[in-house]
RNA sequence: GCGGGUGUGGCGGAAUUGGCAGACGCGCCGGAUUUAGGAUCCGGUGUCACCGACAUGCAGGUUCAAGUCCUGUCACCCGCACCA
C-alpha cells in the first residue's frame, strides 16, 4: 500500500466527525471513563509539540477505553482569559474577543489535524458569557458563604503588568507573567479563603491516586505544621507577646525574642520604645526591600534591639530582650518568634552576630560551633529534664502551657489565602456592587452574567486601577437591595478562576439553568484520569480542588475529590537539549511535522521518543525512524493471508497483546510501541501473517496511529470504524513458548545457553546440561556443590 | 538548607520477585539498488590486550547470582526556600 498520509488522514478525520464516534453519550447504563487533559491557553503563537505530547497520553488511554466498551468523555476547551491576549490587544488595537477567537480557531485546526479523539461538541471557552456566568455564580456562592472577602493588605504587585499577584504567581519575587521584579504595595484585595480548606486539601490526598511527587509537592505547598502558641509577658505592661513555635520543648532555651518589622506592637508601644528612631529607620529599610531581596540575604542577619521593652519567659520568669528583624515574616504564625539559638540555625546566626546568650537545653551537639537541631536528653529545662523523646517533651510542655493558661496547641499553614482580583480588562468581572447604605451587595443571580462592557482602551490606569473603572455606564448602577445610587467593583478575576471548574462544565456544557445537572455530574464525576504538567500541580490543581470541595460542601457535586488519578508528562526539549522557547528559536511546530510526515508519524514519535514522564530532546532523525515503521506497517496487508494463527507467531502475538495493553495503562507508550516494532520484525522474518493476526496488530496500533489503522481496517472489509472495534484479548497460556533458551552459568559466570522445553524439570534440565559436550567438559573433574535452577531463566552450577 | 527525582553504549532509552545488561529506535560501518541521494532494502555495531576479559556515576558490602538489595560518596535536574 502506498502510504499517502495526507489524503488518508484528511479522509478519516472527516469520517470520524461525520460518524460522531467521539461524542460522549449521556447513557448512564454504560461504564464511563472521563479522561481529562489541561485545556490550553490559546496563545497567538499556536501550539507547539509539547501540547501534543501533553494531550497524547490521555488520547491513547481514551481510544483504548472506547475499544474496551466504555462510554468515554474526552473533552477539550480553551482557557482563554488572560494577560497575553490583553497585552496583544493593547499593542495591536484588536479587541481581545477577536484575538481570542482567532487563536482558538488556530488551535482548533491544529488539534484536528493531529486526529485527537476529542468530543468537539462539548468544547468550552472560559471567555464566553454562557461559561463565565457560572464562574461568577460560584464566586457569589463563595461570597455568600464568607469564602470571598475583601481586605486591605500588602500585596505582591507587578509594576510592569500593573496588576496584583497571588503568592503562587509571584514565586521567587518575579512576576509569573512578565518576569519583572514584583513590589509590595498596600491595596484593597479580594481574597478567597482557601486556608479554610487547607486541612481538607491535605487529607483528601489520601483518597486519590496521584503520582507520589505530585502529592508531595501539594503537601509541601500547603505546609502544615503543628506546634503551640505561647504568650510571653511584656515587661511594664499587661500586654502579651504571642508567638508560634513548633518546638515548645525548647522553651527553657529562649534567650531572646524577634518580631517582624511590620509587627503592630511597635506602633502600639511606641511611647515605651526608647530607640524608636532607630527602629523606625530599620523598618523603613525593610519596606524598601522586595520579598525577593529579603529572602536572598539568608546568610546575613540584620536587626535592631528594642530598648525599653523586654519579654518575660512564662516558664521561668526570665527577662529576655526583644529584637526586630526581617528574618521573621509577618505573614506566618503571629509575626513574632521565641528564639532558641542553641537549637535553631537562624536564631543561632542571629545570636552570634548580636552577642546573645546561647543556652543548651538538648544534649548531643556542640553549641559552641553550631545549633543542634536533632533530639537528645533535655537539660536546663526544669520539669522536662531527663526526657529523651522529643514528642513526649512537646506534649508535656503543651500540657503545662494549657494548665497555666499561657499557651495552647496550634497549627499553621504556609499556604495563604488566594488573592483573587486583577486590575485588568480580559477577565470575569467580579459581580459585586458597592452601596453607601448597604455596603457590598452581590449582583443578583438572575442578572448574571455580569457582562464585560465594550472598552476602547484596555490599558490599566497608572494608579493600578482596572480599565473598567473608566467606563461610567459600567461603574454606575443602582443598589439591588435599596435602589440608591451605587457603583460596581471594577476588578476582574485572575486567569485561574475559569480553569478551577471547567471539568464540570464539560459534563453539561449547554445547560443554562445550572453549571451542570446533578444527574450528569453523578454519572461522570470524578475525572478518572487527569494528565498535565508539573507546573500546575501547586496552583491550578490546588485551586480547582478547593473550588470543588466547596461545591461538595454545598451538595452540588457528588464526590469529595474531583480527580481520581493524576499523572504528568515530561517536557519535549529542543533538538539542542534545552527547553523549547521562542527566544532560543528551537520550537518545533506540529504543523510542519504533520505536513512533512503526517499526524500518525508525529503521534507515534512523540510517544516513542522516551519515557512519557521524562523530558527528552526532539530528534528529527528518530522521527524518520517512526515514519519507516509506519510505512512497513502499511505494507502488512499484502502479507496477510488465511485465518487463524501462524504457529511461529502465535506466542509473540499473545505476548504483544498483553504487553501493549499493560504498558498503555502505565503510560509506558515507548515500550508498547517498541513491542509492536519487534513483532513487525518477527512477522517480516516469517514472511506472512494471517488476516486475523493483521486485525489484532492494527487494533493494537490504532490508538497511536489511528488514521493509517482505519485505512487498513477498512481495506480488510470492516464496515465499522476501528475506533470502536473491540480491543484484542490474549490467552495467558498462549504467551508461553514451547521451548525456552536458558542461560547456563558455572560459578555465576555465563558459559552459554541451552534450549529446553519450557516446562522442563530441574532434574531434566541439569541432566541436559551434563549431557551437553561443551558444558560437560567444564564440569569434568570438579565437585558440584550447589545447583541453582530458575525455571525459564537460568541454570547455575557452583563447583569446587 | 528542606522536599522530590535521576545517573546504563556515540544518542533517546529497555531490563517482573535479584536470574543471559544494552530490547526498540536513532546514528555509525559495510553491501545492494539508483543518474543521484540526507530515499529504499540487506548485514553489522557496548569496550578492549577479541577462542577471553571488562562494563550500568564512584567506593565498599550481602549473594551461587546485583543496574536492581545494604552502607558510604560524588554529580546533575526539578520544586520550595529565613515558614519559627
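Listed values, structure above:
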read-out: Separation in nanometres of the label points that stand 7 Å from Cα toward Cβ, at residue A:684 and residue A:481; value: 7.7
read-out: Cβ-based exposure ranking for A:513, A:786, in which fewest neighbours within 10 Å come first; value: A:513, A:786
read-out: Residue-span extension gain [residue A:225 to residue A:438] - 0.36 nm each, minus C-alpha spacing; value: 72.7 nm
read-out: Ranked list, fewest to most other Cβ atoms within 10 Å of each Cβ, for A:491, A:26; value: A:26, A:491
read-out: Degrees separating the helix A:706-715 axis from the principal Cα axis of chain A, which is the longest one; value: 30
read-out: Whether the range A:501-626 is rounded, prolate or oblate, judged on the alpha carbon gyration tensor where a/c under 1.5 counts as rounded; value: prolate
read-out: Prolate/oblate/rounded label for chain A (Cα gyration tensor, a/c 1.5); value: oblate
read-out: Using alpha-carbon coordinates, inclination of helix A:762-771 to the longest axis of chain A, degrees; value: 60
read-out: Two-site label geometry, residue A:373 and residue A:206: point separation in nm, points 7 Å out along Cα→Cβ; value: 2.8
read-out: FRET efficiency for residue A:622 and residue A:589, using Cβ-Cβ distance with R0 set to 25 Å, rounded to 0.05; value: 0.90
read-out: Residues A:709, A:482 arranged by fewest to most Cβ contacts within 10 Å; value: A:482, A:709
read-out: Peptides ranked, highest mean first, by Cβ atoms within 10 Å: ranges A:151-159, A:641-649, A:695-703, A:429-437; value: A:695-703, A:429-437, A:151-159, A:641-649
read-out: Theoretical ellipticity at 222 nm over chain A - DSSP helices of four or more residues, -39500 (n - 2.57) apiece, nearest 500; value: -10500 deg cm²/dmol
read-out: Computed over the range A:702-798: relative contact order in percent, which uses C-alpha pairs under 8 Å that are six or more apart; value: 24
read-out: Contour minus Cα-Cα distance for residue A:782 and residue A:145 (0.36 nm per residue); value: 220.9 nm
read-out: FRET efficiency for residue A:91 and residue A:451, using Cβ-Cβ distance with R0 set to 25 Å, rounded to 0.05; value: 0.55
read-out: Relative contact order (percent, whole number), chain A, Cα cutoff 8 Å, 6+ residue spacing; value: 15
read-out: Spin-label model distance (nm) - residue A:739 vs residue A:771, 7 Å beyond Cα toward Cβ; value: 1.3
read-out: Stretch gain in nm, segment residue A:790-residue A:691, where the contour uses 0.36 nm per residue and the Cα spacing is subtracted; value: 31.9 nm
read-out: Efficiency of FRET from Cβ geometry, residue A:465 and residue A:26, R₀ 51 Å, rounded to 0.05; value: 0.65
read-out: Percent RCO, i.e. relative contact order, over the range A:474-529, from Cα pairs under 8 Å lying at least 6 residues apart; value: 19
read-out: Helix axis angle, A:276-288 relative to chain A longest principal axis, alpha carbon, degrees; value: 30
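Every number in this text was worked out from the coordinates using simple rules, so none of it is lab data. Not measured: the values here are computed from a predicted model. Glycine gets a Cβ as well: all are built from the backbone with ideal geometry, and neighbour counts include every protein chain shown.
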